[in-house]
Amino acid sequence: MTQKNKIIHSLTSLRMLAALGVFVSHLGILSQSSISQFNVAAKYFFNGYIGVTFFYILSGFIINYSFSKHMEEGKFSNKDFIVYRLARLFPVHIISLICVLFIFGYTKNFEAINKESLIYNALLVQSFIPISDYYFSFNPVSWSISCEMFFYLSFCLLVKFKSRYLTSTLLVIVIVNLFFLLNPPVNISSHWLFYINPFFRIGDFIIGVLISRVFLAKKVNIKPAICSAMEIGSLFFLAFTVYVATNYVSYMNIKYDLLYIPCMAMIVIAFAFDGGVISKFLSNRYLILLGEASFSFYMFHWIIISKLMEIMQPNKNDVRDVIFYIVCCLGISIFFSIISFKLIEMPANKIIRNAWAKMNLKLSTRRSL
């Protein structure tokens, strides 16, 4: 039986912090308020979308880290890998899509729905279409798992690449990205090209894979004090990058992703050693649970923010109203994410994996007869 690498708990917990970043970036009420303090907060919270960059780099790292033993022993199966990834993404994706259809009244006027957009969204291919009505359709945040699905399919090929070829692939992506940064096309949305585009965003994923390969190959033992310094330093690097980007960088195309890759990669590297004081704090079982539930949090938070705005109709210029609304959004999102993780994600994942294992067993039995 293939032995797995140990779970890095600090990276699990950090997933929820990244999801919280995306959450606060969707709190449009802050920028719409006449209260100056809320406007200042909104200016910085807007950068929360960079949580997606962290997710993609971390995804590449964890996928390679988790399956490295299988690859070393020649037991990596493309079919098994894709089924396991589908089991991870699709149950929550489909449930969240159904929730959107019912909660926002699409089912009452089904004829008015863009059926093509619905099909693309359900199949997780919407991120390939450079039109916001498609890639932000229904549950807008699902565009990012459309990219994730592309990364997983690509990993089946990338896993065969030696690190130097993988690095060359990354360099090509970066060069093409830089070319378009200097020469933005007029007939394609810059938002799609630099933020949504799976062919550019896979660069984040590849960086994670490369970091994981180096991390596993070197197996360096670092003293706790140095680990702590790396963790604190990486978070300061992130804070510095956000501050500079918010106040001094006006070119949005570079802020969509490229500007934040170094600090996000540094955070993944620093916390991968899982040996510093912050890592110990993040290894708290409640924070780990929140990290495990972060995918459900990510998939449902926009629905909750939007529906509560409709139900509560908070006064945007009243401090107590705004704070109460945000607390309700956060509390319900966290509560629902844990329920979803326990009652949807875990059971569905287990059912799909078991069904796949039984099907494989039947096929192998038939072949042996």
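Kindly evaluate LYS6 against the criterion of being part of a helix (DSSP H, G or I), among the basic types (Lys, Arg) and surrounded by fewer than 17 Cβ atoms within 10 Å (Cβ to Cβ).
no
Is one or more of the residues making up the stretch 307-328 closer than 25 Å to GLU148 by Cα and assigned to a helix (DSSP H, G or I)? Outline the logic, then answer.
Start the filter on the stretch 307-328 by keeping residues that are closer than 25 Å to GLU148 by Cα, which leaves none.
For the stretch 307-328, residues closer than 25 Å to GLU148 by Cα and assigned to a helix (DSSP H, G or I): absent.
Among the basic types (Lys, Arg), within 19 Å of ILE62 (Cβ to Cβ), surrounded by fewer than 15 Cβ atoms within 10 Å (Cβ to Cβ) and without any contact (Cβ under 8 Å) to a residue 24 or more places away in the chain: does that describe LYS219? Lay out the reasoning, then the answer.
Details: among the basic types (Lys, Arg): yes; within 19 Å of ILE62 (Cβ to Cβ): yes; surrounded by fewer than 15 Cβ atoms within 10 Å (Cβ to Cβ): yes; without any contact (Cβ under 8 Å) to a residue 24 or more places away in the chain: yes.
For LYS219, the condition - among the basic types (Lys, Arg), within 19 Å of ILE62 (Cβ to Cβ), surrounded by fewer than 15 Cβ atoms within 10 Å (Cβ to Cβ) and without any contact (Cβ under 8 Å) to a residue 24 or more places away in the chain - is met.
Mind listing just one residue for me: the one in the stretch 177-215 that is touching a residue at least 60 places away in the same chain (Cβ under 8 Å) and of a type in the set (Gly, Ala, Ser) and, of those, surrounded by the fewest Cβ atoms within 10 Å (Cβ to Cβ)?
My answer is SER190.
Which pairs turn up if I take residues in the stretch 81-92 that are in a helix (DSSP H, G or I) and look for partners that are basic (Lys, Arg) with beta carbon separation below 8 Å, at least 6 apart in sequence or on another chain?
VAL83/ARG353; TYR84/ARG353; ALA87/ARG353
Which of the residues that make up the stretch 222-253 are within 16 Å of PHE55 (Cα to Cα) and touching a residue at least 40 places away in the same chain (Cβ under 8 Å)?
LEU235
Go through the residues of the stretch 118-135 one by one and say whether even a single one is among the charged types (D, E, K, R) and either modelled with pLDDT of 95 or more or part of a loop (DSSP other than H, G, I, E, B) (or both).
Residues of the stretch 118-135 among the charged types (D, E, K, R): 133.
Now drop any that are not either modelled with pLDDT of 95 or more or part of a loop (DSSP other than H, G, I, E, B) (or both), which leaves none.
No, the stretch 118-135 has no match at all.
Please determine, by comparing only the residues of the stretch 259-288 that are surrounded by fewer than 18 Cβ atoms within 10 Å (Cβ to Cβ), in a helix (DSSP H, G or I) and not aliphatic (A, V, I, L, M), which one is nearest to the chain's Cα centre (by Cα).
Among those that are surrounded by fewer than 18 Cβ atoms within 10 Å (Cβ to Cβ), in a helix (DSSP H, G or I) and not aliphatic (A, V, I, L, M), it is PRO262.
Are any residues in the stretch 34-65 outside any helix (DSSP H, G or I) and in contact with a helix residue (DSSP H, G or I) (Cβ under 6 Å, 6 or more places away or on another chain), and if so, which ones? Write out each step before concluding.
First, the residues of the stretch 34-65 that are outside any helix (DSSP H, G or I): 34-35.
Hits for the stretch 34-65: nothing passes.
The values are calculated or read from the model by the stated rules, or taken from the named source; none is laboratory data. The model shown is predicted, which means the values in this text are computed figures rather than measured ones. Positions of Cβ are generated from backbone atoms using ideal geometry, with glycine treated the same way; all protein chains shown enter the neighbour counts.
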